[in-house]
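Below is one structure, written out as structure tokens; comments come after it.
The values are calculated or read from the model by the stated rules, or taken from the named source; none is laboratory data. Just so you know, these numbers come straight off a predicted model, no measurement behind them. Every residue, glycine as well, gets a Cβ built from its backbone with ideal geometry; the counts of neighbours run over all protein chains shown.
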């Protein structure tokens, strides 16, 4: 796989942006893998001290949200490896991972019908990751 420095026209990014993105992907990925696993293992929510009725009947238990969250964790973990290895696909993997987490939080807030302090703890890093990930987008430097 080609690395960013080997890709013609690839935008070089600052070290802090890459480090910030790696931290966000690692943080969100590990949290989603653990949280998804706990929801799958206990669909009634007792491992996370969450009653099913907080979902207002959208889901009968936490099985489906648990699987989705676990898959988002795997996507973030894959994006982490891609950014770490500086692959050409790092920007796509990062965009999918960060975008997926952003959609997760919006849908979660809509379903729960409330904003919880944990949304800030897990959601604000997603915004930071989105900002940091923009440095990976391969803009063409050719003049027309």
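Data table
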read-out	value
Entirely in the range 27-144, the helices (runs of 4 or more DSSP H) that have 1 or more residues that are out of contact with any strand residue (DSSP E or B) (no Cβ under 9 Å at 6 or more places or on another chain) and at pLDDT 95 or above	63-84, 90-112
Selection from the range 23-60 of residues that are on the phi > 0 side of the Ramachandran plot and touching a helix residue (DSSP H, G or I) at 6+ places or on another chain (Cβ under 8 Å)	45, 56
Odd one out for residue 106, checked against (1) free of Cβ contacts under 8 Å to residues at least 24 places away in the same chain; (2) more than 19 Å from residue 27 (Cα to Cα); (3) exposed (fewer than 14 other Cβ atoms within 10 Å of the Cβ)	(2)
